[in-house]
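No value in this document is a laboratory result; all are computed from the given coordinates. Note that the structure is predicted; figures quoted are calculated from it, not measured. So basically every Cβ, Gly included, is an ideal-geometry build from the backbone, and we count neighbours across all protein chains shown.
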Amino acid sequence: MDIFSQDRPIYLQICDRLCDEILSGSYTDDNRIPSVREYATLLQVNTNTAVKAYEQLSRDGIIYQRRGMGYYVTAGAAERIMKQRREELLHGRLQKIFYDMQLLNVSFDDVASAYEAWQRQR
């Protein structure tokens with residue numbers, strides 16, 4: 001089974017995964033993350049794909065490289081990721097969800113019930 005979806009480039013999905021791991025506390029400020037080669041092996045992707053993801057995260061200020069020592073989480077990265085994702089949720093995805101709710105006549109009570117059911121399953 002493929003862990004990557006077909007709708008987005010794999011390197012961006014790797015970026016999302018590393019950001020998820022930073023948010024969950026798996027990697028914290030100024031701590032080392034797996035090398036590009038280690039992460040590529042773990043995810044069974046081409047090393048060049050992992051390099052592209054690490055370069056993107058570096059450009060975004062989420063990770064930084066210490067020459068000869070590897071990549072590390074930038075101080076404040078979790079807060080930066082959280083802020084960016086909240087903005088995307090509130091001003092992007094929720095707008096589509098609200099449109100669909102209106103179109104399909106789904107109430108906030110329906111959403112609350114679905115959320116409660118989801119919470120019980122976790």
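In degrees from 0 to 90, rounded to the nearest 10, what is the angle of the helix 108-121 Cα long axis to the longest principal axis of the chain?
50 degrees
So between Ser113 and Arg32, what do we pick up on full extension, going 0.36 nm a residue minus the alpha carbon distance?
Result: 25.1 nm gained on full extension.
Where in region 1-33 is the amide nitrogen less than 20 Å from a point lying 7 Å along the Cα-to-Cβ axis of Leu90?
Correct set: 23.
Which net charge results when you count Lys and Arg as +1 and Asp and Glu as -1 among the other residues whose beta-carbon is under 14 Å from that of Gly61?
Result for the neighbourhood of Gly61: -2.
Between Val106, Val51, Val36, where does the largest GNM mean-square fluctuation fall for the chain, given springs only between Cα atoms within less than 10 Å?
The residue that fluctuates most here is Val106.
Taking only Cα atoms, what is the 0 to 90° angle, nearest 10, from helix 47-59's long axis to the longest principal axis of the chain?
Taking the Cα atoms of the chain, the angle to 47-59 is about 80 degrees.
Expressed in nm to one decimal, what extension gain is obtained for the pair Glu55 and Glu79 from 0.36 nm per residue of sequence separation less their Cα-Cα distance? Please report the intermediate quantities before stating the final value.
Numbers: separation 24, 0.36 × 24 = 8.64 nm, distance 1.97 nm.
Full extension from Glu55 to Glu79 adds 6.7 nm.
Taking only DSSP H segments of four or more residues, each worth -39500 (n - 2.57), what value at 222 nm results for the chain once the sum is divided by all its residues, to the nearest 500 deg cm²/dmol?
The helix-only estimate for the chain comes to -18500 deg cm²/dmol at 222 nm.
Taking the Cα-to-Cβ direction at Asn48 and at Arg17 and moving 7 Å from each Cα, how far apart do the two end points lie in nm?
The modelled label-to-label distance comes out at 1.9 nm.
By how many degrees, between 0 and 90 and to the nearest 10, does the Cα long axis of helix 10-23 differ from the longest principal axis of the chain?
80 degrees
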